[in-house]
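Before any comments, here is the structure.
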Amino acid sequence: MGKIERVGVSLDEELLGRFDALIGKQGYANRSEAIRDLIRARLDQQQLEKSSTEAVAAILLVYDHHSTNLTSKLNHLQHNHLLQIIVSTHVHLDHYNCLEVIILKGKVGEIQKLADQMISLKGVKLGRTNLMTTGKDLA
Ligand code: NI
């Protein structure tokens with residue numbers, strides 16, 4: 001972390017009031033920490049727009065347990081990608097549905113490609129990818 005600088009920001013009273021109410025509800029101890037988090041989130045979002053950015057991600061899939069060969073297709077895709085799969089967890093949700101959570105690390109473009117291939121498989125009902133940078137460039 002670099003040197004700390006103090007900045008003054010002019011804000012509309014109503015806007016600031018709404019911000020204070022929001023961060024109060026979220027549990028922030030002060031505005032500074034909330035503003036730092038907002039800045040980090042915006043910088044992270046901007047970094048993730050580049051497909052070459054190193055990121056970590058969780059891919060969540062809800063799929064039909066009875067769908068033929070789906071588990072082996074999902075495994076096959078994980079073996080075929082140049083991504084570092086950190087962990088993959090399977091949860092039996094009910095008689096029909098399974099949840100698979102795949103946590104991985106790699107370039108944004110590669111992660112999105114793998115996620116798209118998984119989500120588009122027949123039998124996958126819901127799919128979601130949550131991406132963020134590793135945080136190494138953020139103070
Ligand atoms: Ni299952």
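The values are calculated or read from the model by the stated rules, or taken from the named source; none is laboratory data. None of these values were measured; they are calculated from a predicted model. Here the Cβ positions follow ideal geometry from the backbone for every residue, glycine too, while neighbour counts run over all protein chains shown. Only protein heavy atoms, including side chains, enter the accessible area calculation; ligands, DNA and RNA are left aside. Shrake-Rupley method; radii C 1.70, N 1.55, O 1.52, S 1.80 Å.
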1/(1 + (r/R0)^6) with r = Cβ-Cβ of PHE19 and LYS113, R0 = 35 Å, i.e. FRET efficiency to nearest 0.05, evaluates to 0.40
Cut-off under 23 Å on the C-alpha distance; same-chain residues fewer than 8 positions from LYS73 excluded. Which lysines are left, in chain and number order? LYS105, LYS107, LYS113, LYS122, LYS125
Provide the per-residue ³J(HN,Hα) series for the stretch 106-118, in order, calculated from phi with Karplus coefficients 6.51, -1.76, 1.60 and θ = phi - 60°, each as a whole number of Hz, with x at glycine and proline positions. x, 6, 3, x, 5, 4, 5, 5, 4, 4, 4, 5, 5
How large, in percent, is the carbon and sulfur part of the accessible surface of the chain at a probe radius of 1.4 Å? 53 percent
What accessible area per residue, rounded to a whole number of Å², is obtained for the chain using a probe radius of 1.4 Å? 72 Å²
Lys and Arg at +1, Asp and Glu at -1: add these up for the other residues within a Cβ distance under 12 Å of ASP37 and post the number. +2
Length gain on complete extension for the stretch ASN130 to HIS95, per 0.36 nm per residue less the alpha carbon to alpha carbon distance? 9.9 nm
